[in-house]
Structures are given as C-alpha cells and as structure tokens.
Amino acid sequence: MKLKETDGEVYGLLTKELDYQKSTLRLIASENYTSRAVMEATGSVLTNKYAEGYPGKRYYAGNKYVDQIETIAIERAKRLFNMPHANVQPHAGASANLAAFFAFLEIGDKFMGLELPHGGHLTHGSPVNFSGKWFRAVAYGVDKETEALDYDAIRKRALEERPKLIICGYTAYPLIINFKAFREICDEIGAVMMADISHFAGLVAGGVYPSPAGYADVITTTTHKTLRGPRGAIIMGRDEERGKMIDKAVFPGLQGGPLEHAIAGKAVCFHEAMQPEFKRYAAQIVKNANALAEELSSQGIRLVAGKTETHLVLLDLTTKGITGKDAQAALEEAGIIVNRNTIPFDTRSPFITSGLRLGTPALTTRGMKESEMKHISGLIVKVLENPNDTELKLRIRGEVEELCKKFPIYADLSY
Ligand SMILES: *Cc1c(COP(=O)(O)O)cnc(C)c1O
C-alpha cells in the first residue's frame, strides 16, 4: 500500500513540503537539494537491516550486500577526501563530533574551539551541549577589527591553556581557514587537531577550498550540507591507529545498528561528488556567494569580515534597525528562507540576534547563477527595508515563485 492510501495525514504534509521546497528560495547555508538517486538509496529496503559492527565483522547474519555497500561508501569517502581511514556510520554531525571526543579525550579533558557567537558550533564547547558540560571547553575568538581568525592570538591562547585537542571548522565563518597554522599550533603543544568541515565539505571535495587532509588528525563532516548527500556524517582519521580509535568510539562506544539506508545514500553522494560536474557546481556556489555579497554590500548592508570566500555570507543588520529574528520572519513571508545568526560580539541574544546567514548551495543546485543572485539581493534588501509592508511581501512572494519556476527542482517527483 502506498503512503497516500494508508496515511493521508502524513502524505498530505509531505506533498505540501515538496511544493514548498520547489516554490521558495532556500538560502539556508547548511541546506541543499539532494539528487533523486541519493533519495532513492536513502528511502530503500536497507532501512530493514540490522548490521551492528563493521563490514566483515558483524554481529548479525544476512549482511552480504550491506557489507559491500558500506565498503563502497568507506572507500569512496577515503578517495574523495584523501584520508587513509573513514567511518561512515555517524548518524549526524553532532554525533560524529561526540564520537571524535570519545575517541581522543577523557571526560573532563580540556579542548579549544571557536566561540559560538563567532561562528563555532554548539558541539565545539557550548555550555548547554555535551561538549561544554562533560569537557573543559576554552574558546578562541575572531579579531574584533577584522572579524577574521588571528592565528597569533589563537597560538598564544593555546600556549596558555594547553588544551588536549583543538577544533577548527565552523558554522558561520565566511573566510578560508589556514589548516597549516592550526597544525603548527597543535604540534607545539602536542594537541590533537580536529577539523570539522561540515559546512564546506562540498567545497573541499570540489577543489575550491583547501583540504585539511595532511594536517588534521581527525576530520568530521556532515554529508547533507554543501556535499549534497543524505542527512548524516562521517569521521576520517589520518592513519590506521587513529582509525581504530574512531571506529571503537562509534561502535560499540556510542551507537548500535548503523543506518545502512543512509550509508547507501552517502555512497551515492560521494560518487556524485567525484564527477567533473561537481567541481563546476562547487565553483559556482562560491561565485554565487560572491555575487550575493557584492550586491548586498553595494546596497548598503554590512558584511561580517567584509566579504566571503566560501558558500556563505554573514550580514550585520545592526545599522538597518531590524533584528535577525524579525528579518528572518519577514523574508519567510516573501518566500525567501534564511536563518538568523549571531555575529561576532553580538549584543543581542542567540534567539534574537543581529545577523542573518545566507548561503548559495541550494540555489546553485537549481542552476541559478550570478545574475539571479543580484536579482535576489535586491528582493532581500527591499524586504529588510520594509519588513512590515504586507503588500510588498506578497508581491515579492509572487516574483519568487516565478523565479523558482524558471529553475525547477524535483520537477518529476511526486509522492
Ligand atoms: C551542522 C554542523 C554540525 C552538526 O551537524 P548535525 O547533523 O546538525 O548534527 C556540526 N558541526 C558543524 C561545524 C556544523 O556546521
């Protein structure tokens, strides 16, 4: 029986969500549209299988095909990111980071990450998260003037605090990270270098962002952001010794049965990311982010760090007299989906914020280019300047729908 016949309630909402994703402009920097092939693998019979353990060493019978699929995913991940070891089982980015901590730290150990309001992730030491509750988190920040990482200041802080592990790789940082500088700092104090490339893994795979391979001891990444795969994550190690520690931490350390349907989706995603088209895709993401940044800036909006070198642009709305929260809501009414974000040294709470984070991965998947980014920037500025003008927002909603029709996504998909 099809979902449509057995569960009209869920079916109806799924259909609405599909329409909504097709007819709105998605500028959430951590979102994307996966391929139909990735969705087919993810929505497959593999969801029926228990496979605790690793290929060739399972605790359940009947894994002859599952083993081959997981092995393909592992080998592709290693090749794609040029790392000697990969574990493809983590359910999400947060659980991958938990596993990396479990592998390399003891409870109560000190580690260092970027401060949350400066672009760090919750799992990098926030006091409300396991990383801040179970470990001693110390933070480094961006420079107040440049809003960029200051590697001398990070080194100084690392020498003072002597953390056992340092994380680089962020959620809302628009510039390229100097991985070599982090390696040198870690070597100086004997710390583990962990790179969390969740946001820009697709840019690394596409060759438009430097890789931490060759520098980092451990790399974690989600697979569903710029990498355009299914929801999930992977962890990679710089050698077999670290690989063993990672594998033990994931299973039996933290997880039971792996989500083999998601692992199949990851395998398909890695294959797609190795194709020449993906290089062009990654390059276009960055070109689009630059076009968005330049146009918004020329229309009087201040960019954090003054520019972007990645897939995301961080806007400071302080002088526009609107909070991140209100801006997000007004844009949503106009069919432009973004998220509010703190900016470095934000005076507002993380629930209100003074900033917006915009990303181009999803729009680029639809085939949009620089001229569309300029057009969309104009729409965004109009809404930000007139957030309470209902008529204007409705008119823009119509314009957004027209634009979406010109760049269709999932045209032949139905439930
Ligand atoms: C998104 C993200 C995560 C968390 O991923 P989830 O799948 O949402 O758990 C971790 N670290 C960074 C840097 C991220 O951007």
Lys78 - accessible surface, heavy atoms, 1.4 Å probe, Å² rounded to 10:
50
Could you work out what % of the accessible surface of segment 38-273 is carbon and sulfur, using a 1.4 angstrom probe and leaving DNA, RNA and ligands out of the count?
53
Heavy atoms of the protein only, probe of 1.4 Å, neighbouring chains included. What is the accessible area of Asp7 in Å², nearest 10?
50
Solvent-accessible area per residue, Å², over segment 13-76 with all protein chains present [probe radius 1.4 Å]
57
Can you tell me the dipole magnitude for segment 38-273 around its Cα centre, using point charges on the Cβ only (Lys, Arg +1; Asp, Glu -1), in Debye to the nearest 20?
460
The chain - share of DSSP beta bridges that are antiparallel (%, nearest 5):
55
Per residue accessible area of segment 266-316, 1.4 Å probe, in Å²
36
Report the charge-dipole magnitude of the chain in Debye, nearest 20, computed about the Cα centre from +1 at each Lys and Arg Cβ and -1 at each Asp and Glu Cβ.
460
On average, how much accessible surface per residue is there in segment 321-398, in Å², for a 1.4 Å probe, leaving out ligands, DNA and RNA?
40
Charge tally in the Cβ shell below 12 Å around Ala201, where Lys, Arg are +1 and Asp, Glu are -1, Ala201 excluded:
+2
Heads up, I need the accessible area for Asp412: 1.4 angstrom probe, whole protein in place, Å², nearest 10.
120
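Quick check for segment 349-415: number of Lys pairs with alpha-carbon distance under 17 Å, counting only pairs 8 or more apart or on different chains? Present the calculation step by step, with values, prior to reporting the outcome.
Numbers: Lys369/Lys405; Lys369/Lys406; Lys374/Lys382; Lys374/Lys406; Lys382/Lys393.
Close lysine pairs found across segment 349-415: 5.
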Apportionment of accessible area to carbon and sulfur, segment 315-415, percent (1.4 Å):
51
Just how large is the dipole of segment 277-406 about the Cα centre, in debye to the nearest 20, putting +1 at every Lys and Arg Cβ and -1 at every Asp and Glu Cβ?
280
State the volume of the convex hull built on the alpha-carbon positions of segment 38-273, expressed per residue in Å³ and rounded to an integer.
111
For Lys110, which sequence-distant residues (separation of 5 or more, or a different chain) have an amide H within less than 5 Å of its own amide H, given hydrogens modelled in the peptide plane?
Arg136, Lys164
Going from most exposed to least, what order do Val268, Val304 have by accessible area with a 1.4 Å probe?
Val268, Val304
Based on the inverse mean of 1/r over its pairs of different Cα atoms, what is the Kirkwood hydrodynamic radius of segment 277-406, in Å?
14.8
Local electrostatic count, Gly108, Cβ distance below 12 Å [Lys/Arg +1, Asp/Glu -1]
+2
Once phi is turned into ³J(HN,Hα) by the Karplus curve 6.51 cos²θ - 1.76 cosθ + 1.60 with θ = phi - 60°, what whole-Hz value does each residue of segment 278-284 show in order, with x for glycine and proline?
5, 4, 5, 4, 4, 5, 5
Name the residue from Ala137, Val383, Pro212 whose Cα lies farthest towards the positive end of the charge dipole of the chain, charges +1 on Cβ of Lys and Arg and -1 on Cβ of Asp and Glu.
Pro212
Scaled to the compact-protein estimate 2.2 N^0.38 Å, what is the alpha-carbon radius of gyration of the chain, rounded to two decimal places?
0.99
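How much length would be gained if the chain were fully extended between Asp19 and Glu391, taking 0.36 nm per residue of separation minus their Cα-Cα distance, in nm to one decimal?
Computed gain between Asp19 and Glu391 is 131.7 nm.
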Specify the inter-centroid distance of segment 225-281 and segment 1-22, based on alpha-carbon positions, in whole Å.
29
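The values are calculated or read from the model by the stated rules, or taken from the named source; none is laboratory data. Treat the numbers as computed from the prediction; the structure is a model and nothing was measured. Every residue, glycine as well, gets a Cβ built from its backbone with ideal geometry; the counts of neighbours run over all protein chains shown. The area values use the complete protein model at the heavy-atom level, side chains included, leaving out ligands, DNA and RNA. Shrake-Rupley method; radii C 1.70, N 1.55, O 1.52, S 1.80 Å.
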